[in-house]
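Coordinate-derived values only; no laboratory data. Source: prediction; values computed, not measured. We place every Cβ from the backbone using ideal geometry, glycine too, and count neighbours over all the protein chains shown.
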Amino acid sequence: MDAIDPKANAEATPGVPPAKPAEQGIPRLFLLGLAVFVVTCFVTLKGDWSGLFSVESLRKMIGLFGEFFPPELSPSFLKKVALGFFETLAISVIGTLLAIVLALLLARPAASHGPRRAVARLLLNGLRAVPELVWAALLVIAAGLGPFPGTLALGLHTAGVLGRLFADAFENAPQEPALALTRNGGSATSAFWYGTLPTVLPQLVSYVLYRWENNIRAAAVLGVVGGGGLGQLLYYHLALFHFSDAGTVLISMLILVALVDVLSDRLRRTLNA
């Protein structure tokens, strides 16, 4: 019995066009270019790679890590850490809520057509292009030290991120429910609220929860520029080489991140049930 040539069989099968050589070469060229790019990135990075994995470097890292233990557990200091704990949580929550409002206001025109789309997307690009630390540094100059500039910094940057995600979700949403409402006399606003928004609401909630988890970590980092919360406590004690105090702050950060991750997971499960 003669062996069947798979290539000849594929060419003879009706409705299955043969693969073009040019189309087969595109993925290979892409992978080759990506490999060259990655290798070039590593080559251009300057630094002593051998020192990173040396025994001496490992010994110093372990020694520094040991300075954080035992953590400071005095009641007065724990009270200060607890205040920073809830301050960081409040910064992330309020900053995310401000971002949701601003993102929704900009996402609708960003998902439309014409000049409104270009202007809205330009604003969203500007908001998310500036990192939270830069926003916080600018706002600290205007509003002073504390949680208020940190909250505004999170809100502005997150609004740029969520606004772009919301706009893409609105553009990719099924248009049939909104068209049905407008054809039956509904306004564009009612078509959006009752036709488009319900279809993309689970996706928007998922985006919001993900960004809230990120904002918890960002709120801790904003303390470096005086944004309040646990980050400001951590920066203060590290600058003074109070490593045991900094260890307590780091542990509270880990607890806060773990609690937010658990809460976010529960909320997702509740919404998907």
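To the nearest Å, what is the center-to-center distance of the range 168-182 and the range 213-239, using C-alpha atoms only?
For the range 168-182 versus the range 213-239, the Cα centre distance is 41 Å.
Kindly give Rg over Rh for the chain, based on alpha-carbon atoms, with the Kirkwood expression for the hydrodynamic radius.
Details: Rg = 26.3 Å, Rh = 23.2 Å.
Rg divided by Rh gives 1.13.
At R0 = 30 Å, how high is the FRET efficiency between GLU171 and ARG28 if r is their beta carbon distance? Nearest 0.05 is fine.
0.40
Can you compute the label reach from LYS80? Point 7 Å from Cα along the Cβ direction, backbone N cut-off under 15 Å, restricted to the range 188-229.
228-229
Packing-wise, with mean Cβ within 10 Å as the measure, how do 140-149, 95-104 rank, highest first?
In decreasing order of mean packing, 140-149, 95-104 become 95-104, 140-149.
Determine, for each peptide in 218-225, 241-248, the mean count of other beta carbons within 10 angstrom over its residues, then list the peptides with the highest first.
On the way: 218-225: 25.5, 241-248: 18.2.
Output ranking for 218-225, 241-248: 218-225, 241-248.
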